[in-house]
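Remarks on the structure that follows.
The values are calculated or read from the model by the stated rules, or taken from the named source; none is laboratory data. Predicted model, so just to flag it, every value in this text is computed and none were measured. Positions of Cβ are backbone-derived with ideal geometry, glycine not excepted, and every protein chain shown enters the neighbour counts.
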(Lines give C-alpha, C1' and ligand atoms only; values in the text may rest on other atoms or scores of the structure.)
Protein backbone atom coordinates (compact mmCIF):
# COMPACT_ATOMS: atom_id res chain seq x y z
CA UNK A 1 0.00 0.00 0.00
CA UNK A 2 1.31 3.44 -0.91
CA UNK A 3 1.73 6.41 1.38
CA UNK A 4 -0.67 9.25 0.55
CA UNK A 5 0.82 12.04 -1.57
CA UNK A 6 -1.12 14.67 0.36
CA UNK A 7 -2.85 15.44 3.66
CA UNK A 8 -5.83 13.11 3.34
CA UNK A 9 -7.07 9.76 4.56
CA UNK A 10 -6.68 7.09 1.82
CA UNK A 11 -9.86 5.25 2.87
CA UNK A 12 -12.45 6.01 5.48
CA UNK A 13 -15.63 4.37 6.65
CA UNK A 14 -18.77 6.51 6.98
CA UNK A 15 -21.66 4.36 8.15
CA UNK A 16 -22.25 1.70 5.50
CA UNK A 17 -19.91 3.44 3.03
CA UNK A 18 -16.19 3.08 2.48
CA UNK A 19 -14.81 6.01 0.52
CA UNK A 20 -11.42 5.53 -1.11
CA UNK A 21 -9.65 8.77 -1.96
CA UNK A 22 -8.22 9.19 -5.44
CA UNK A 23 -5.45 6.64 -5.93
CA UNK A 24 -2.54 6.67 -8.35
CA UNK A 25 -0.64 3.79 -9.92
CA UNK A 26 2.03 3.82 -7.22
CA UNK A 27 3.93 0.75 -6.11
CA UNK A 28 6.29 1.20 -3.16
CA UNK A 29 5.87 4.97 -3.52
CA UNK A 30 6.92 5.04 -7.19
CA UNK A 31 4.67 5.49 -10.21
CA UNK A 32 4.68 2.24 -12.21
CA UNK A 33 6.03 2.26 -15.74
CA UNK A 34 4.15 0.92 -18.73
CA UNK A 35 1.76 3.80 -19.37
CA UNK A 36 -1.92 4.17 -18.69
CA UNK A 37 -2.82 0.46 -18.72
CA UNK A 38 -0.19 -0.40 -16.12
CA UNK A 39 -1.18 2.59 -13.99
CA UNK A 40 -4.87 1.62 -14.08
CA UNK A 41 -4.01 -1.95 -13.08
CA UNK A 42 -1.85 -0.78 -10.16
CA UNK A 43 -4.37 1.87 -9.12
CA UNK A 44 -7.14 -0.73 -8.87
CA UNK A 45 -4.80 -3.00 -6.87
CA UNK A 46 -4.20 -0.09 -4.48
CA UNK A 47 -7.94 0.47 -4.14
CA UNK A 48 -8.43 -3.24 -3.50
CA UNK A 49 -5.76 -3.19 -0.76
CA UNK A 50 -7.41 -0.21 0.94
CA UNK A 51 -10.83 -1.87 0.77
CA UNK A 52 -9.41 -5.07 2.21
CA UNK A 53 -8.32 -3.04 5.24
CA UNK A 54 -12.03 -2.35 5.84
CA UNK A 55 -13.12 -5.97 5.18
CA UNK A 56 -14.46 -5.00 1.75
CA UNK A 57 -13.55 -5.95 -1.81
CA UNK A 58 -13.86 -4.63 -5.35
CA UNK A 59 -17.25 -6.33 -5.64
CA UNK A 60 -18.52 -3.87 -2.99
CA UNK A 61 -17.59 -0.85 -5.13
CA UNK A 62 -20.71 0.88 -6.47
CA UNK A 63 -19.17 4.07 -7.94
CA UNK A 64 -15.81 5.18 -9.28
CA UNK A 65 -14.50 8.41 -10.70
CA UNK A 66 -11.61 8.19 -13.15
CA UNK A 67 -9.41 11.20 -13.86
CA UNK A 68 -7.25 11.08 -16.97
CA UNK A 69 -4.36 13.36 -17.86
CA UNK A 70 -5.30 12.84 -21.53
CA UNK A 71 -8.78 11.88 -22.74
CA UNK A 72 -7.02 10.21 -25.66
CA UNK A 73 -6.16 7.44 -23.17
CA UNK A 74 -9.86 6.67 -22.60
CA UNK A 75 -9.99 3.45 -24.64
CA UNK A 76 -6.75 2.11 -23.13
CA UNK A 77 -8.03 2.98 -19.65
CA UNK A 78 -11.32 1.21 -20.39
CA UNK A 79 -9.58 -2.02 -21.40
CA UNK A 80 -7.37 -2.07 -18.30
CA UNK A 81 -10.30 -1.05 -16.06
CA UNK A 82 -12.47 -3.91 -17.36
CA UNK A 83 -9.60 -6.37 -16.89
CA UNK A 84 -9.03 -5.14 -13.32
CA UNK A 85 -12.68 -5.15 -12.23
CA UNK A 86 -13.63 -8.33 -14.08
CA UNK A 87 -17.38 -8.79 -14.52
CA UNK A 88 -18.21 -6.23 -11.81
CA UNK A 89 -19.33 -2.92 -13.33
CA UNK A 90 -19.76 -0.10 -10.80
CA UNK A 91 -21.28 3.18 -11.94
CA UNK A 92 -18.51 5.41 -13.25
CA UNK A 93 -17.62 8.88 -14.43
CA UNK A 94 -14.43 9.66 -16.35
CA UNK A 95 -12.95 13.10 -16.95
CA UNK A 96 -9.87 14.62 -18.50
CA UNK A 97 -8.02 17.00 -16.19
CA UNK A 98 -5.19 19.48 -16.69
CA UNK A 99 -2.76 17.41 -14.64
CA UNK A 100 -2.39 14.80 -11.91
CA UNK A 101 0.06 14.49 -9.00
CA UNK A 102 3.51 13.02 -9.65
CA UNK A 103 2.96 13.08 -13.41
CA UNK A 104 0.41 10.25 -13.20
CA UNK A 105 -1.71 9.48 -16.26
CA UNK A 106 -4.72 8.26 -14.24
CA UNK A 107 -6.30 8.64 -10.79
CA UNK A 108 -9.31 6.68 -9.54
CA UNK A 109 -11.52 7.20 -6.50
CA UNK A 110 -14.04 4.60 -5.35
CA UNK A 111 -17.14 4.35 -3.18
CA UNK A 112 -17.98 0.95 -1.72
CA UNK A 113 -21.18 -0.02 0.04
CA UNK A 114 -20.80 -2.52 2.86
CA UNK A 115 -23.68 -2.58 5.35
CA UNK A 116 -22.61 -3.14 8.92
CA UNK A 117 -23.86 -6.40 10.35
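Data overview
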item: Selection count where residues are in contact with a strand residue (DSSP E or B) (Cβ under 7 Å, 6 or more places away or on another chain) and either closer than 13 Å to residue 41 by Cβ or surrounded by 14 or more Cβ atoms within 10 Å (Cβ to Cβ) (or both), scope the range 82-104; result: 5
item: Which numbered condition residue 66 fails, given (1) modelled with pLDDT under 95; (2) touching a helix residue (DSSP H, G or I) at 6+ places or on another chain (Cβ under 8 Å); result: (1)
item: Residue check, residue 117 touching a residue at least 24 places away in the same chain (Cβ under 8 Å) and over 10 Å from the mean Cα position of the chain (by Cα); result: no
item: Residues of the range 14-54 classified as touching a strand residue (DSSP E or B) at 6+ places or on another chain (Cβ under 9 Å), loosely packed, with under 15 Cβ neighbours inside 10 Å and more than 17 Å from residue 90 (Cβ to Cβ), total; result: 1
item: Among (1) under 15 Å from residue 114 (Cα atoms); (2) within 15 Å of the chain's Cα centre (by Cα); (3) in contact (Cβ under 8 Å) with a residue 40 or more places away in the chain, the one test that residue 52 misses; result: (3)
item: Index of the failed condition, residue 72 passing every other in (1) exposed (fewer than 13 other Cβ atoms within 10 Å of the Cβ); (2) touching a helix residue (DSSP H, G or I) at 6+ places or on another chain (Cβ under 9 Å); (3) modelled with pLDDT of 95 or more; result: (2)
